[in-house]
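Notes follow the structure.
The values are calculated or read from the model by the stated rules, or taken from the named source; none is laboratory data. Here the structure is a predicted model, which means the values were calculated and not measured. Heads up, the Cβs are rebuilt from the backbone with ideal geometry, glycines too, and the neighbour counts pull from every protein chain shown.
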Amino acid sequence: MAVTIEQELLKAVSKRRNFAIISHPDAGKTTLTEKLLLYGGAIHEAGAVKARGEQRRVTSDWMELEKQRGISITSTVLQFTYNNYHLNLLDTPGHQDFSEDTYRTLAAADNAVMLIDAAKGLEPQTRKLFEVCKLRSLPIFTFVNKMDRPGREALELLDEIEKELGLKTYPVNYPIGNGDYFKGVFDRRLKKYHLFERVAHGSKEAPEVILSPDDPNLEKYIGDNDLLAQTQEELEILDEIGAEFNLEEIHTGKMTPVFFGSAMTNFGVRLFLESFLEYALQPTPRNSSLGQLEPTHPDFSGFVFKLQANMDPKHRDRVAFVRVCTGKFEKDMTVNHARSGKSVRLSHPQKLFAQGRESIEEAYPGDVIGLNNPGVFAIGDTIYLGQKLEYDGIPSFSPELFCYLKNPNPSKFKQFQKGITQLQEEGAIQIMYSVDDFVREPILAAVGQLQFEVVQFRMLSEYNVETNLEPLPFSVARWVVDGWEALDKVGRIFNTMTVKDGRDRPVLLFRNEWNVGQLQADHPDLKLSSIALL
Ligand code: GDP
């Protein structure tokens, strides 16, 4: 019997899991990614991710700035398989600098892995990214990393997550000691001890011994009775006062399953991966102008969540990354572009495997495809077949850094305007303008310093315009939800600057959160938001 497209989609979707890793620089994202790929069989020796980075730097050097800074500015997607599952890891490692892309990638993800350094606990970047996950009610899987180094107490870390993020925790595995005394973990669901042997740099999969709690060899393996007794005591406390495992709460982002391990030495990576596959959401329905669309909806559709420019300086190409939401993507298909109403042929689709870039023939919901983008696509654009639809916009988040971008050379006015308009359309940075007619310079609004450098670099290399930055003393932006009229009612506001965003919406810039609070106290009716839809 012939397989229908719905059956084909159902099967593909049930085998797909897509996620992004949220973490603070240095927590071990590169290392964990490598190990996931190692276990997925996508690479045979850990270290390949970095090696690929090195090689890429030597061979393609897509951006001079990237080379100068020795970092990879752009994030994309890695696909690998494990036990017949297709995993899509969005947001590949390497870029330490925060940018809007980091936020946007989460709009394309169905699950998030929150990676925490056991010695440091929650850190600022992790908290910010967590807020975005919370907004979307994404399931969050916590991996507490670097257990092989002296760290904070496991119970204390769990407490921090619960109190500060308001997330219930369920430790799926629980560590036996830490630092030099880290012996492995206890799998609380299957009631087994997983004891690990240290492997030098963890280049191969970690050998492990699995024992029941009543196994007479347990003490011998752990080699420290006090440690075993203490672990058992803490496990009893958890059973008594900890939350019960609740898959629905995990799926709605209210409870986080927690895993302890050490990516560097591979401790706990396989346990994590297997539980992740069991508990993570498969590609989820997405909100659109037609309502919630199931991934098994037979017509192809997707949205652009990221644009990447100039990967190859010789071609000045732009790649639009599209999250496939429904139906099946096939190479060379012609689709409708919702914003312009035009049809677009999708040729040269690409995806990234651990080993590099490959062209693709087909893709399913949950996958990400990279499309050549000759200026057609902007962030948030929907492409579709069949009935017209548009996906909900991608939120833009409160920028924290602001400066005027100045063009010191009036004869370059046209190029300057063109560059600014294009970079804005592409979503490389948010651009705002003063409401004061005398001030014509655009205000660049960024979430990370590197975004300014990228703009200046691209203005020079692509539009041949030298620019200057003039910092503004603000650190918080709030959109006025009810628009200009609501703002007029309030009258003059001190300590803020009123600007309009790329869509002429009113935005207030504040020096600090305290000033925001002050305004809200004085004008409780004025609705402010730290997020706007693109
Ligand atoms: P990223 O900035 O989050 O991508 O972090 P990296 O993966 O580059 O790791 C930052 C540093 O922490 C590197 O020196 C890693 O070798 C180290 N590291 C990562 N995971 C572990 C771990 O499990 N244990 C220890 N001891 N070090 C780790």
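Some observations on this one:
- In the stretch 88-115, the qualifying residues are those that are among the polar types (S, T, N, Q) and at pLDDT below 80, and the one that is nearest to the ligand (Cβ to nearest atom) is Gln96.
- Neighbours by Cβ (under 9 Å, 6+ apart or cross-chain): first from the stretch 81-93, under 13 Å from Glu34 (Cα atoms) and buried (at least 23 other Cβ atoms within 10 Å of the Cβ); second among the polar types (S, T, N, Q) and modelled with pLDDT of 90 or more: Leu89/Asn18
- Qualifying residue in the stretch 306-323 (condition: in contact with a His (Cβ under 8 Å, 6 or more places away or on another chain), modelled with pLDDT of 75 or more and of a type in the set (Gly, Ala, Ser)): no
- When the stretch 433-453 is filtered for residues that are surrounded by fewer than 22 Cβ atoms within 10 Å (Cβ to Cβ) and modelled with pLDDT of 90 or more, the ones remaining, listed by number, are Tyr433, Ser434, Val435, Glu441, Phe452.
- Exactly one residue among Arg478, Arg492, Arg503 is farther than 30 Å from Gln415 by Cβ, in a loop (DSSP other than H, G, I, E, B) and either at pLDDT below 95 or not polar (S, T, N, Q) (or both), and that residue is Arg492.
- Within the stretch 186-213, the only residue that satisfies the criterion of being modelled with pLDDT of 95 or more and in contact with a His (Cβ under 7 Å, 6 or more places away or on another chain) is Asp187.
- Qualifying residue in the stretch 134-150 (condition: in the same structural domain as Leu271 (by TED's automatic domain parsing), within 16 Å of the ligand (Cβ to nearest atom) and small (Gly, Ala, Ser)): no
- Figure legend. Inter-residue proximity from the stretch 260-278: first residues not assigned by TED's automatic domain parsing to the domain that holds Asn178, second residues within 15 Å of the ligand (Cβ to nearest atom), beta-carbon distance below 7 Å, spacing 6+ or different chains. No pairs are indicated.
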